Amino acid sequence: MINIDFEKELNTEQYAVVSAEAGPHLVLAGAGSGKTRTLVYRVAWLLAKNVAPEKILLVTFTNKASSEMIARVKSLLHLPQDQKLSLWAGTFHSLASRLLRIYGEAVGVPRDFSIMDEDDKKALLKNIIKEIFGSLDIKRLPSPSIVNEVISFASNSQITIAESLERKFPDWQPLQDYFEKIKVEFDKRKTAAKLLDFDDLLLYWYRLTEDPHVGQVLAKKWEHVLVDEYQDTNTLQAKIIFNLAKEHKNILVVGDDAQSIYSFRAANIQNIFDFPEVFANCQVHKLEINYRSTPEIVELANAVIASNTKQFAKNLQAVIPKYIKPELIAIKTNREEASFIADRIQGLLADGLEPSDIAVLFRATHHSQYLEMELNRRQIAYELRGGMKFFERAHVKDVLAWLRVLYNLHDEISWRRILQLYEGVGPSAAQKIYEAIVSQGNLELRSLNIRLSQNAQKSFSYITAALEKMLIRKDSNLLELLEIIIDEYTAYLKSTYTDFYDRMEDLEQLKLFASNYQDLNTFLTEITLQEQFAEVNSGNKRNNIVLSTVHQAKGLEWQAVFIMNLTDESFPHPMAVSEEEQEEERRLFYVAVTRAKKQLYLVYPMANLSFSGFKVLQPSEFLADLDGRLLNYNQLAKSTAWKSDGDVQYVAEFDDGVADSDGFLPDVSEW
């Protein structure tokens, strides 16, 4: 006997969802509205109505979410946590694996198949790439990561390789035929070895649902299908769900179109928009009571997303007491921005806030560089999510390795790092080259007499040519050296990484940092100190300040949140040009705003320090869209083009216009 007072334990909106009659239901769950609670109680409701557990399918996007929901269902039903609950629950991929073990032979999948992890997948692709591209006379071949992303995006989006290349990596379109050959050979070898990758799990599950016999079995297997985070489903996942529920139509999906931010992973926001048409007589529910944030933050969030034209209209309402308005802070330079945020963080800590209650969010990882350095200087421990700490990033370390060998030709670690970036130079060849350089005692590589393979010799000629350019400029300024290195490194970067443009931005930031140093020794010493500070101050990650990309912050919350670098060149992302891309960027900003519980700081620099001086910036257009009465802001922020300017409280000014100890800041009296 299940004894739960559902109506008492849920709010009116949640209860309407939980107690809904059979049929199709779309639940639009606003940020902080208790969607997980609603799904958990829905499962309990179905069980209370004598639906057999094995007749319920609960699809989540992470194994953690699935485990937590099942644990909460058991707790709600007063069941021991070690008791098995026979409902079907899990991620799309885990459920697909389970089903293919049972029914896979119907679509050509042997029961004893193995699942490839990403490393194994890339290792196989690497061999195929060499075989198929081997005859081409090009400096760099596309990496397994790039080929993998092209193939994966095509599969999950149900588009061709040609379309995937056009959308993801247009620079590689001239080699489309080769990518298609790789895909054919890759599938052939997986089949021969009884292997499936993660994309195959979804593809073959979809084929099961299309099979005349198995499709009927699966359509009758579950009487109720529930799906979490529906706004993040891709085209293939939506097709699977449709086929499972098209007969009984007892389908309940929960999501928030305003938080759809993963199109780069093939998530298709159109799935949630189309749901009421795909399932006729669909009942649409809205969860609009926000339990996370103050009314002031909720009001700002509503205003942020209101500018999007393509959305389900929602109006979040807060239930916790009023507090203070979010603050908009304009800062003169990006370096001062880091100092200001560090000051505020120290103030919050002094007021008794736990470090883990504070987060700084940004659009892209390279935005965090100056803040990381400032926190290291002040020995404030932080955890970086969504990427490595700046000087730990592979591409930054690769470029710095060139500078390190210029300064110290005996630096074996840096030599190995450089040499093994090149095709055909493995550990043994790298060791042979390094020993020859040390034995010779100088960097005149053309005079080295080393026996290498044909591929290694070809690569060594590129290394030699690049190093000769650097030696000519060795006594020039660091910027010139870095530009030579980055020019040489760009081909590798472009052929290796799927996020090429973001990594190039990191290297631009490295150049900006280097522009403050006159000699190589001082520069490398400062970087080493930064690395040591980061290591010493890594501390207990469970109680550190969090620095995170907004994408990595989705689903999380903090008492105090800073959103930094809110300029027209950073947020929205400069490559987001279409209306659809702009609207996704605004949804990303909405996600950032709704992570804050009590205190929210929107921060932007009015100028970037560039190699030639100042580069004046404008505030993000997302700020210009807002009503100024929703914010408190400092005097510098008055330049923002508000729709209206009303009852505003100016926040205290920081100590600006004073150069820091190393004289980094220029004269800003003109401000």
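The values are calculated or read from the model by the stated rules, or taken from the named source; none is laboratory data. Just so you know, these numbers come straight off a predicted model, no measurement behind them. Glycine also receives a Cβ, built like all others from the backbone with ideal geometry; neighbour counts cover every protein chain displayed. Heads up: the accessible areas ignore ligands, DNA and RNA and are worked out on the full protein's heavy atoms, side chains in. Shrake-Rupley method; radii C 1.70, N 1.55, O 1.52, S 1.80 Å.
Key figures for this structure:
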read-out: Rounded Å value of the spacing that divides the Cα centres of the stretch 276-333 and the stretch 24-90; value: 26 Å
read-out: Set K84/K190; K121/K239; K64/K246; K332/K511 screened for pairs whose C-alpha atoms are more than 23 Å apart; value: K84/K190; K121/K239; K64/K246
read-out: Residue-averaged [θ]222 nm for the chain, counting only DSSP H segments that reach four residues, each worth -39500 (n - 2.57); value: -14500 deg cm²/dmol
read-out: Per-selection Kirkwood Rh - the stretch 361-425 (Cα, Å, 1 d.p.); value: 13.7 Å
read-out: Relative contact order computed over the chain (Cα-Cα under 8 Å; 6+ residues apart), in percent; value: 17 percent
read-out: Taking only Cα atoms of the chain, radius of gyration then Dmax in Å; value: 27.8, 86
read-out: The stretch 299-339: C-alpha gyration tensor shape, a/c 1.5 cut-off, then a/b vs b/c; value: oblate
read-out: In order through the stretch 624-634: 3J(HN,Hα) via Karplus (6.51 cos²θ - 1.76 cosθ + 1.60), integer Hz, x for Gly, Pro; value: 5, 6, 8, 7, x, 6, 7, 10, 9, 8, 8
read-out: Lysines with Cα under 21 Å of K458, excluding same-chain neighbours fewer than 8 positions away; value: K126, K130, K139, K432, K469, K494
read-out: Built amide H within the under 5 Å cut-off of L79, gap 5+; value: none
read-out: 1.4 Å probe accessible area per residue over the chain, in Å²; value: 43 Å²
read-out: Sequence-separation-based contact order of the stretch 23-92, relative, with Cα cut under 8 Å and 6+ spacing, percent; value: 38 percent
read-out: Whole-Hz couplings from phi, Karplus 6.51/-1.76/1.60, listed for the stretch 199-216; x for Gly and Pro; value: 5, 4, 4, 5, 4, 6, 5, 4, 5, 4, 5, 8, 5, x, 8, 5, x, 5
read-out: Projected label distance in nm at K130 and E223, using a 7 Å step from Cα toward the beta-carbon; value: 5.7 nm
read-out: Separation of alpha-carbon centers, the stretch 245-266 and the stretch 417-492, rounded to whole Å; value: 51 Å
read-out: Relative contact order [Cα under 8 Å, 6+ residues apart], the stretch 290-389, whole percent; value: 25 percent
read-out: Sparsely packed trypsin sites (Lys or Arg not before Pro) within the stretch 217-262, loop by DSSP, other Cβ within 10 Å at most 16; value: K246, K249
